[in-house]
Amino acid sequence: MQWSVGRVKVTKIVEQESLGGTRFIVPDATPQDVQKMPWLVPDFADDQGRLKMSIHALVVETPSHRIVVDTGLGNDKEGRPMPAWNGLKTPFLETMTAAGYPPDSIDLVLCTHLHVDHVGWNTRLVDGRWVPTFSRARYLFGRTEYDYWAGHRDDPAHPPAPFDDSVQPIVSAGLADLIGPEHRIGNEISLIATPGHSPGHLSVLIDSDGEQLLLAGDAAHHPVQFAHPDWSATVDFDPAEGRRTRRALLARFADTPTRIIGGHFAGGRIVSDGDAFRMVMDAP
Ligand SMILES: [Zn+2]
């Protein structure tokens, strides 16, 4: 799937799709509640009230840069909290290449945050070692986010696997740049600090020729949270801050032409609906 934003092109590369799983992601979203939101069907839920989600990377092609925003789960990784995320052998890189983006054509990798499903393809396994997948690229990690995870590698509440096999090898290879929300890429890309889901979560705003697209990362996991911004994801780091961030982000872009793509859903516009919001699909 592909979107145009002025002179910028955004391509979604899907790694994994799922149906259901509300219990693990947004536990408040019971099938009965989801069925009360018919606007979710068929793009974001089925008529049984099961949520549709995906794990994907977004390739952003500006006039000056080819950027991968978030890198999914990756192949051959182990020690992940979900059995279906271990030992993957997906054709993700082949899909990317077929879409016109071979790994060595990528200039920048930007991780909205350093959770397991957003850093995986940073590295791949070669002769028993984790090496950078995008060998020509600089990798941009939020400084706040990086510092937190680097400081909690020995914390049993946070399995160290994603950091050790998908973040540290990039730093060791000298390819990482730690950035703050003021960082800009070319004329088109700016960042928005959206903490809560993780300590230093960043969202990406593309602005080109009067058009805007927000890559929200996991500030919302599913459009069901547009209607219920107070519903948290089980994996939110600071649920209260996550709720404030989500509500502020939705309010800022509601009823504007700005489109939104999330870390696990794509893509439409936010419209206000009573004291909350809903999503309207747009044609890619
Ligand atoms: Zn995620």
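What follows is calculated from the coordinates using simple rules that are stated; it is not laboratory data. Bear in mind the structure is a predicted one, so any value in this text is a computation, not a measurement. Here the Cβ positions follow ideal geometry from the backbone for every residue, glycine too, while neighbour counts run over all protein chains shown.
Rounded to the nearest angstrom and ordered from largest down, what semi-axes does the equivalent ellipsoid of the range 158-223 get from its C-alpha gyration tensor (root of 5λ)? Intermediate values should be presented prior to the final figure.
Working: eigenvalues 128, 60, 19 Å².
Values for the range 158-223, descending: 25, 17, 10 Å.
Please compute the length gained on full extension between residue 147 and residue 131, using 0.36 nm multiplied by the number of residues separating them and subtracting their Cα-Cα distance. Can you show the working numbers first?
Values: separation 16, 0.36 × 16 = 5.76 nm, distance 2.14 nm.
Extending this stretch completely gives an extra 3.6 nm.
Only Lys, Arg, Asp and Glu count, each charged at its Cβ (+1, +1, -1, -1), so figure out the dipole size of the range 1-149 about its Cα centre, rounded to 20 debye.
Computed charge dipole of the range 1-149: roughly 260 debye.
Which aspartates and glutamates does residue 77 reach when only Cα atoms under 13 Å apart count, and residues fewer than 8 places away in its own chain are ignored?
Output for residue 77: 117, 164, 165.
Quickly rank 55-66, 238-249 as a protection proxy: mean count of other C-beta atoms within 10 Å, highest first. Don't skip to the end; give the middle numbers.
Numbers: 55-66: 20.2, 238-249: 18.2.
Peptide ranking by packing, descending: 55-66, 238-249.
Using only Cα atoms and rounding to the nearest 10 degrees, what angle (0 to 90) does helix 239-253 make with the longest principal axis of the chain?
70
What percent do you get for the relative contact order of the chain when only Cα pairs under 8 Å and 6+ apart count?
17
Within 13 Å, Cβ to Cβ, of residue 38, how many net charges do the neighbouring residues add up to if Lys/Arg are +1 and Asp/Glu are -1?
Once all neighbours under 13 Å are counted, the net charge is -3.
Using per-residue counts of other Cβ atoms within 10 Å, averaged over each peptide, order 130-136, 140-146 from highest down.
140-146, 130-136
Any idea what the dipole of the chain comes to, in debye rounded to 20, about its Cα centre with Lys/Arg Cβ at +1 and Asp/Glu Cβ at -1?
220
Run down the lysines and flag those whose C-alpha is under 26 Å from the C-alpha of residue 9, throwing out any fewer than 8 positions away in its chain.
Result set, ordered by chain and number: 52.
With label points built 7 Å along Cα→Cβ from the Cα atoms of residue 256 and residue 48, find their separation and express it in nm.
Between residue 256 and residue 48, the simple spin-label model gives 3.9 nm.
Within 13 Å, Cβ to Cβ, of residue 282, how many net charges do the neighbouring residues add up to if Lys/Arg are +1 and Asp/Glu are -1? Don't skip to the answer; put the middle values down first.
Numbers: positive: 259, 269; negative: 43, 211.
Net of charged neighbours comes to 0.
If you take the beta carbon distance between residue 97 and residue 244 as r and set R0 to 30 Å, what does 1/(1 + (r/R0)^6) give as a FRET efficiency, to the nearest 0.05?
Approximately 0.15, to the nearest 0.05.
Need the C-alpha centroid separation for the range 261-284 versus the range 118-138, integer Å.
Each part reduced to its Cα centre gives a spacing of 33 Å.
What are the extents of the Cα atoms of the range 79-126 along their three principal axes, listed from largest to smallest and rounded to whole Å?
Per principal axis, max minus min of the Cα coordinates gives 32, 23, 20 Å.
Given that compact globular proteins tend to follow 2.2 N^0.38 Å, what is the ratio of the alpha-carbon Rg of the range 1-119 to that value?
Computed over Cα atoms of the range 1-119, the ratio equals 1.20.
Gain in length, residue 35 to residue 182, computed as 0.36 nm per residue apart minus the alpha-carbon separation, to one decimal in nm?
Taking 0.36 nm per residue and subtracting the Cα distance, the gain is 48.9 nm.
Using 10 Å bins from zero, what percent of all Cα-Cα pairs in the chain falls into each bin?
Using 10 Å bins, I get a P(r) of 7, 31, 38, 21, 3, 0 for the chain.
Report D for the range 115-257 in µm² per second (integer): Stokes-Einstein, Kirkwood Rh on Cα pairs, 25 °C, 0.890 mPa s.
Result for D is 149 µm²/s.
What Kirkwood hydrodynamic radius, in Å, does the range 59-182 give when the mean of 1/r is taken over all pairs of distinct Cα atoms and then inverted?
After inverting the mean inverse Cα-Cα distance, the result is 14.7 Å.
Placing one identical point scatterer on every Cα of the range 207-284 and ignoring solvent, what is log10 I(q)/I(0) from the Debye formula at q = 0.20 Å⁻¹?
-0.81
Mind ranking 198-208, 175-185, 42-52, 215-225 by how tightly packed they are, going by the mean number of other C-beta atoms within 10 angstrom, highest first?
Packing proxy ranking, top to bottom: 215-225, 198-208, 42-52, 175-185.
Rounded to the nearest 500, what is the 222 nm mean residue ellipticity of the chain from helices alone, with -39500 (n - 2.57) per DSSP H run of 4+ residues and division by all residues?
When only DSSP H runs of four or more count, the value is -5000 deg cm²/dmol.
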